[in-house]
Amino acid sequence: MKVVPFDELATSDLIVDAIYESSRDGQMAGEPIAKLLPGSGNQGGFRAAGRGEEKNWVVLTTSGEDPDWPDVLNLNTGEFVYFGDNKSPGHELHDTARGGNAILRRVFARLHDQGNPRQGIPPFFIFQKNPTQHGARSVRFLGVAAPGFPGMSALEELIAVWKATSGERFQNYRAVFTVLDIPVVQRAWLVDLANGVHDSVHAPNAWRSWLRNGRYHALTADPTTTIRSIEQQAPSGALQVEILRTVWEYFRNTPLAFEVFAARIYQLLDHRVVIDEITRGSVDGGRDAVGRHLLGLNEDPVYAEFSLEAKCYRPPIDGHSANTVGVKEVSRLISRIRHRQYGVLVTTSVIARQAYEEVREDRHPIIFIAGRDIAEILLRNGYSTADLVRRLLLDEFPL
C-alpha cells in the first residue's frame, strides 16, 4: 500500500487506497486533508471548498466506526452510504455548523433537475481515518464519488432519518453515492478545481461522462476469496464484542430460542425476506425456519425459497476459543435445501474453514452469517449499544 509522507502532500496526486500521513507532532495544523486539498479546512467530517453555493469540491471523511451513523462503502458495487452532519439533538435538519446537510439537499435536487441535471454539482472526495506509526491523523483515500447510484430512485438516494438520543428526537440525512472508476486523481485537476475551472481538460473521463450524460462508471472490485478466515468472522473492536456477548449470554442456556432471533437477523439484513414458519426444535440443539426472498416487483412478485438454520455456539470472545460450526452441521443444512433455492446459516460463533471451503468449492448456495455479521447487522439497524440490544431481546424475544 502506498504511503505519502506529510511533506509531499501539497504536490501529490490522489490515489485510491493510498494513505496520506499527517505530521508527526499530531497537531491540528498537520492534518493531511487541508494540505492535500487547500481550502477544505482541517477538521470536521464534512468539508466544502469554494464560496457561495458553487463549491469546488466536497470532502467527506469517515471513521468507519461510528455505531450510530454507520457510513459504508461496498467495494463490490461502488455504493457509498454516508450520513450527514446533524448528528446530535438541538438543531433543525439543515441547521449545521458546516452546512453539510444543506449542501446534500442542494446537490441531490440538482441531480434530478429536469432542466439542467447535474449542473454545478461538485466532485466528492472520500477519505477514511487511518492512523499510522508516524501520523495519528493520517487518512486513506477511498475515491471520487458522484451523488446517486445506478438503478436507485430519487426517493431512495437521499432520505431524512430520525434518531433519538437522551429522549430527544432529531433528523439527519442518509445519502447514497457512487464511487467512480477513477484510480488516480491528477494534481492538475485539483489545481483547476481550486481555481474554479469546472470544465477542466484534466478531469477524469468517468467524472466527465457522469456530468455529460449521468452514466455511472463505478469503481468495483470482485473479491479475491469467498472463504473468510476465523478472524474475519469474529467480532472486530470492543463494541462488536460487547454486542455479540449480549446476544450469546442471553440465548446460551436456551439455544432453541435463538432460532427466532436468527430469522429476525436475516430479515434485518434484507427487508425483502419473508419468514413463513419457525419449525419445532430438533435434537441437535437447533431449530429451522423456512421462508421466501421477494424478487422483482411487489405487484408481480417472484420468490426464492430458503431454509434457515441457527447455531447458538460459543463465540471467540473474552479469551475463549470458538465452538465452530463444522462439516456435520453444514451438511445438515445442505440436505434441507434440496427442494429450495438456497440456505442460510446464522451462528453466534464462526464457520470452520473446512466446512466453509467445501460449501464454496462445491458451489452450494448457502449464506453464512457469523458472529461479526450479527453485530454489524444490529449496528446498521440502530442497535448501537449493548443496552439497546438487550432491550430488543427482552421486548421481542422473551425466553
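For Val72, Val260, which order do you get if you count the other beta carbons within 10 Å of each Cβ and list the fewest first?
Val72, Val260
What is the count of Lys pairs in the chain whose alpha carbons sit under 21 Å apart, if the two are 8 or more places apart or on different chains?
On the way: Lys2/Lys35; Lys2/Lys129; Lys35/Lys55; Lys35/Lys129; Lys87/Lys129; Lys87/Lys163; Lys311/Lys328.
For the chain, the number of qualifying lysine pairs is 7.
Considering only Pro32, Pro255, Pro315, give the residue with the highest GNM mean-square fluctuation for the chain, with springs between Cα atoms whenever their separation is below 10 Å.
Pro255
How far apart, in nanometres, would the label points at Ser209 and His112 be if each is projected 7 angstrom from Cα along the Cα-to-Cβ direction?
2.5 nm
Which residues does a label at Asn195 reach in the range 115-157, if reach means a backbone N under 20 Å from a point 7 Å past the Cα toward the Cβ?
122-123
So for His339, His202, fewest C-beta neighbours within 10 Å to most, what's the order?
With the fewest neighbours first, His339, His202 line up as His339, His202.
Is the C-alpha gyration tensor of the range 3-213 telling us rounded, prolate or oblate? Criteria: a/c under 1.5 is rounded; beyond that, a/b larger than b/c is prolate, otherwise oblate.
Taking the square roots of the gyration eigenvalues as a ≥ b ≥ c, the range 3-213 is oblate.
Of Thr347, Leu388, Val273, which is farthest along the charge dipole of the range 230-396 in the positive direction, counting Lys and Arg as +1 and Asp and Glu as -1 at C-beta?
Thr347
Between Leu297 and Ala97, what length in nm is gained on full extension when 0.36 nm per residue of separation is reduced by their alpha carbon distance?
Full extension from Leu297 to Ala97 adds 67.9 nm.
What is the magnitude of the charge dipole of the chain about its Cα centre, with +1 placed on the Cβ of each Lys and Arg, -1 on the Cβ of each Asp and Glu, and no other charges, expressed in debye to the nearest 20?
Around 60 debye, computed over the chain.
Pick out which of Asn56, Asn86, Asn253 has the largest mean-square fluctuation in a Gaussian network model of the chain, springs linking Cα atoms closer than 10 Å.
Of the options given, Asn253 has the highest mean-square fluctuation.
Let me have the 222 nm mean residue ellipticity of the chain computed from DSSP H runs of 4+ only, each contributing -39500 (n - 2.57), with the sum over all residues rounded to the nearest 500.
The per-residue figure over the chain is -7500 deg cm²/dmol.
What length, rounded to one decimal in nm, is gained on full extension from Asp17 through to Ser63, with 0.36 nm per residue of separation minus their alpha-carbon distance? All intermediate terms of the calculation are to be shown ahead of the outcome.
Values: separation 46, 0.36 × 46 = 16.56 nm, distance 1.46 nm.
Value of the extension gain: 15.1 nm.
Which of rounded, prolate or oblate describes the chain when judged by the alpha-carbon gyration tensor and an a/c cut-off of 1.5?
Prolate.
Would you look at the GNM of the chain, springs on alpha carbons closer than 10 Å, and say which of Thr178, Thr348, Thr254 moves the most?
Checking each option, the largest mean-square fluctuation is seen for Thr254.
Work from the charge dipole of the range 184-312 (Cβ charges, +1 for Lys and Arg, -1 for Asp and Glu, about the Cα centre) and give the residue of Ser236, Thr226, Leu308 farthest towards its positive end.
Selected residue: Ser236.
Within the set of other residues whose C-beta is less than 15 Å from the C-beta of Gly296, count the net charge using Lys and Arg as +1 and Asp and Glu as -1.
Net of charged neighbours comes to -2.
Let me know the longest stretch in the chain that avoids all GluC sites (Glu not before Pro) found in a DSSP loop with at most 14 other C-beta atoms within 10 Å.
Longest run free of exposed loop sites: 93-298.
Determine the relative contact order of the chain: mean sequence separation of Cα pairs under 8 Å and six or more apart, normalised by residue count, in whole percent.
14 percent
Gain in length, Arg380 to Val260, computed as 0.36 nm per residue apart minus the alpha-carbon separation, to one decimal in nm?
Residue separation times 0.36 nm, minus the Cα-Cα distance, leaves 41.2 nm.
With the cut-off at 1.5 for a/c, could you classify the range 230-396 from its C-alpha gyration tensor as rounded, prolate or oblate? Please report the intermediate quantities before stating the final value.
Numbers: a/c = 1.60, a/b = 1.22, b/c = 1.32.
It comes out oblate by the Cα gyration axes.
Each reported figure results from applying straightforward, stated rules to the coordinates on display, with no laboratory input. Please read these numbers as outputs of a predicted model, since none were measured by experiment. Note that each Cβ is placed from the backbone with ideal geometry, even for glycine, and that neighbours are counted across all protein chains shown.
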